[in-house]
Amino acid sequence: MKTEPIVILSQREIEKMRQAGSLAARLLEHLEPMVQPGVTTLQLNDEAERWTQAHGAKSAPLGYKGFPKSICTSVNEVVCHGIPNARQVLKEGDIINIDVTPIVDGYHGDTSKTFIVGTGSPKTQKLVEVTRECLYLGIKEVKPGAKIGDIGAAIQEYAEAQGFSVVRDFVGHGIRNIFHTAPDIPHYGTRGKGKSLRAGMVFTIEPMINEGTHEVEVLSDGWTAVTRDRQLSAQFEHTIVVTDDGVEILTEIK
Ligand code: MF3
Ligand code: CO
Ligand code: CO
């Protein structure tokens, strides 16, 4: 639980978040065509690091609480925080979430997408599409006066109605010149509960949706979170700002 006060960003800070968010979106777009059978997650990492530096930015994950690489690459049963590795070769039918967070002029843009390597089974396609929809249903709830619980409720209702489960152990987070800060944004919950949203709040929504159990375990590397039943998990993430009349997605190519 993050208990520090929730900060309202100034217009100047929101503009910096737009710059960082836009670079993050472009980085994901740059990496997408590399997602092919035969590529290693380390190759994705190294290209992300090179491109980030070439654009004058820094990779927030690198060295964050000891994380060893520049992006997270979470394949199949990996829920989040997968560590890129030279021995991990993508194959047809795998799913991979790529999560990037460049820092531009001190501010963070945090976004991720799940890609299917090649085509994938109908069930895999459904999981990925439902997870993408969960993110956008959560975003649609955001406006001044709405409650944090409204976001999670919308996501949980849809995910569970589609036969999937919502990860509890990882949540969205406030973000600015700090990578992870208040508020926590659970992807499950109850409408009308939790703190009220106000214009100028900036946070991520990043639902992790599982085929089977919602339960997660962290491997002995201290980072890699996997589903307990080793069934698939997908995730999509945007960084958003609450506006006077609703929401602006900061990690979108405009
Ligand atoms: N980008 C992840 C998030 O969405 C955080 C990664 S932290 C790291 O919050 F250390 F694993 F990189
Ligand atoms: Co992220
Ligand atoms: Co995040």
Residue 8 versus (1) open to solvent by less than 40 Å² (accessible area, probe 1.4 Å); (2) under 25 Å from residue 184 (Cβ atoms): which is the lone unmet condition? (1)
Residues that are free of Cβ contacts under 8 Å to residues at least 60 places away in the same chain and either within 12 Å of ligand 3 (Cβ to nearest atom) or open to solvent by less than 50 Å² (accessible area, probe 1.4 Å) (or both), drawn from region 77-111: 84, 85, 90, 93, 94
Residues (among the small types (Gly, Ala, Ser), in contact with a helix residue (DSSP H, G or I) (Cβ under 8 Å, 6 or more places away or on another chain) and either closer than 14 Å to residue 195 by Cα or more than 16 Å from ligand 3 (Cβ to nearest atom) (or both)) located in region 126-161: 152, 154, 159
Selection from region 42-64 of residues within 14 Å of ligand 2 (Cβ to nearest atom) and of a type outside the set (Ser, Thr, Tyr) yields 48, 60, 61, 62
Does residue 92 satisfy the criteria of being at pLDDT 95 or above, more than 16 Å from ligand 1 (Cβ to nearest atom), under 18 Å from residue 185 (Cα atoms) and not β-branched (Val, Ile, Thr)? no
When you go through 115, 164 one by one, which is the residue that is free of Cβ contacts under 8 Å to residues at least 60 places away in the same chain, among the aromatic types (Phe, Trp, Tyr), away from ligand 3 (no atom under 16 Å from the Cβ) and touching an Asp or Glu at 6+ places or on another chain (Cβ under 8 Å)? 164
Qualifying residue in region 22-41 (condition: away from ligand 2 (no atom under 16 Å from the Cβ), under 18 Å from residue 104 (Cα atoms) and touching a Leu at 6+ places or on another chain (Cβ under 7 Å)): no
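One line per residue, one yes/no per condition, for (1) under 22 Å from residue 7 (Cα atoms); (2) of a type in the set (A, V, I, L, M); (3) modelled with pLDDT of 95 or more:
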{"residue": "179", "(1), (2), (3)": "yes, no, yes"}
{"residue": "187", "(1), (2), (3)": "yes, no, yes"}
{"residue": "197", "(1), (2), (3)": "yes, yes, yes"}
{"residue": "211", "(1), (2), (3)": "no, no, yes"}
{"residue": "214", "(1), (2), (3)": "no, no, yes"}
{"residue": "227", "(1), (2), (3)": "no, no, yes"}
{"residue": "231", "(1), (2), (3)": "no, no, yes"}
{"residue": "235", "(1), (2), (3)": "no, no, yes"}
{"residue": "243", "(1), (2), (3)": "yes, no, yes"}
Restricted to region 56-67, and to residues that are more than 9 Å from ligand 1 (Cβ to nearest atom) and in a loop (DSSP other than H, G, I, E, B), which residue is least open to solvent (accessible area, probe 1.4 Å)? 57
With (1) within 30 Å of residue 29 (Cβ to Cβ); (2) away from ligand 1 (no atom under 12 Å from the Cβ); (3) touching a helix residue (DSSP H, G or I) at 6+ places or on another chain (Cβ under 6 Å) as the list, and residue 199 as the residue in question, which single condition is left unmet? (3)
Scan of region 37-55 for residues that are hydrophobic (A, V, I, L, M, F, W, C), assigned to a helix (DSSP H, G or I) and closer than 15 Å to residue 89 by Cα, ordered by number: 42, 44
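The values are calculated or read from the model by the stated rules, or taken from the named source; none is laboratory data. Small disclaimer: the values here were computed from a predicted structure and weren't measured. Cβ: placed from backbone, ideal geometry, glycine included. Neighbour counts: every protein chain shown. Note: accessible area is taken over every heavy atom of the protein model, side chains too, but ligands, DNA and RNA are not part of it. Shrake-Rupley method; radii C 1.70, N 1.55, O 1.52, S 1.80 Å.
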